[in-house]
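Taking it in order: structure first as structure tokens, then the write-up.
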Amino acid sequence: MSSQKQGAYGGAKTGGDTHRKTWDREEYAQRAKDHDHKSKEESKARYEAALAGKKYHRRASTPPDVRATEARQARLDVASRVGTTVLVGASAATGKRGKGAGFYCEACDLTFKDHLSYVEHSNSIQHLRAIGQSTEVAVATLEDVRNRLLWLKRKRDEEQRDVVVDLDTRLERNRLTEEQEQEEKRRKRREKRKNKKKADDDNVMKYESDDDGVIR
Amino acid sequence: MAEPKFHKADAKDLLDDRGYRGTLIRGQNPALLMEKGVRDRIIDSYYWKEQCFGLNAATLCDRAAELKFIGGTSGIMGKPTPFLCLAFKLLQLIPPKEVILEYLNFSGDEGYESDEDRPKEEPRNADDEPAARNGDGSRILDPNAEGKLGEFKYLRCLAAFYIRLAWEPVEIYTTLEPLLTDFRKIKRRTKNGFQLTYVDQFIDDLLTKDRICATSLWKLPSRANLEDLDMLEPRESPLQEEADRSDDDDGDIELLEREEMEMDRDSDAGAGSSEQGD
Ligand SMILES: [Zn+2]
């Protein structure tokens, strides 16, 4: 495969072989340590629960900063990956551990084959937990809606103004270039005329000088 | 019971036919207002998964403001339009009436800092539009005809579509009829392309057709029927008044002009008006 080409998935190329995982040793070491720590704590809790004659339940930890799921503000960047959709089974949404070729979720360290399974993943409870969001969305009040619409209108008005300003500057620029070009043409024409005239004059002079003193 | 403060980000509850415990519309799960096949294609669509997940009644406006056309489904695969997906989302959210009315009639006027910033009433050529007139010949200001209400016209159409699906007959007539003087152009996705139409045409379709935007509309009692039952006052639109008055003065010319306009419109809209069901 030519290394000149951009990766098939539109990502920055990481060298000749984009399919090879690039291991970040430190990161992986830290992750292993965390995992180790967590499982030790868990087994301790399980042990204590067993001693007390109770069944151990892993605590569904709710991070203090759980935010209501935010509506995605911007489209995921898939436009650059158009044409990579693959028909896959439902199991594809589980993803592959680690960073690979495809659509990578940094928060969960999972890679997905296509944008559809990636977006399915990003809607999953697993992912929302990983990024500290809940699966609940706050109900909007009338005031929320009105404020939103006012904001959208302002945004749209500004964009339209920008377009107009943009158009104006472009027209102005065009006008200037046109003037410059015309000035340049005029200058060239003048030059040419001058040269021609000079040449003519020279000819005349030459002619005259030719004639000068020669009487036929 | 207190109003719930949260929605589910996804639509699992809505799609659970037996387990659904949310608000009912006409005694049934609101999801059933759309057809099974269409529903399935909506929830399988990329737009639904990416753009409709986690929306509430406010953030939905972001999407609606980006809409470029109305319509149901398109192509051989019957791909649902963003318009239809958002309508389905509304059936999940079931926003309160005042929110739907805000979608429908938002004017954006509060956005002006002072009266000076407010756009001035533009004096227009009297022949421009079949605008209604007072007895003294001055124009009756119809904010719908002026395009002053429903600033985001596709959001307005979305709300109107939702109202037709989810509200009661009398409310449907009284809320939607004023929009019959909104003559703004809109685009409609058809099976194979696009078609030019108008807000008032779409509203008229909602009130009179039994199928639109890939959705069978439940049978709406006719206006005459509701009038007979004294549930509705006879409708007096500004245009109707004008037409009545026109009858006894120089109305012939005006009527002719209006007919011409209708004809223009028909030719504008193209021959595709028979495939309304798309
Ligand atoms: Zn994730």
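None of the figures in this text is laboratory data; all of them are computed from the coordinates on show. Computed from a predicted structure; not experimentally measured. Counting neighbours? That spans all protein chains shown, and the Cβs are built from the backbone with ideal geometry, glycine included.
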Provide the net charge surrounding residue B:168, with neighbours chosen by a C-beta distance below 12 Å and charges set as Lys +1, Arg +1, Asp -1, Glu -1. +2
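Using the count of nearby Cβ atoms within 10 Å as a rough guide to exposure, how do B:48, A:151, B:167, B:218 rank from fewest to most?
Details: B:48 21, A:151 15, B:167 18, B:218 12.
Ranked by crowding around the Cβ, least crowded first: B:218, A:151, B:167, B:48.
Using the count of nearby Cβ atoms within 10 Å as a rough guide to exposure, how do A:168, A:144 rank from fewest to most? Don't jump to the answer; show the numbers that get you there.
Details: A:168 10, A:144 17.
If I rank by nearby Cβ atoms, fewest first, I get A:168, A:144.
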Of all the Cα-Cα pairs you can form in the range A:142-200, what percent are over 18 Å apart? 65 percent
Starting from the Cα-Cα distance between residue B:185 and residue B:13, subtract it from 0.36 nm times their residue separation and give me the gain in nm to one decimal. 58.2 nm
Residue B:76-residue A:193 FRET efficiency (beta carbon distance; Förster radius 60 Å; 0.05 resolution): 0.35
Distance in nm between label sites at residue B:196 and residue A:173, each 7 Å beyond Cα in the beta-carbon direction? 3.2 nm
I need the shape label for the range B:1-49. Rule: rounded when a/c is under 1.5, else prolate if a/b > b/c, else oblate, with a, b, c from the alpha carbon gyration tensor. oblate
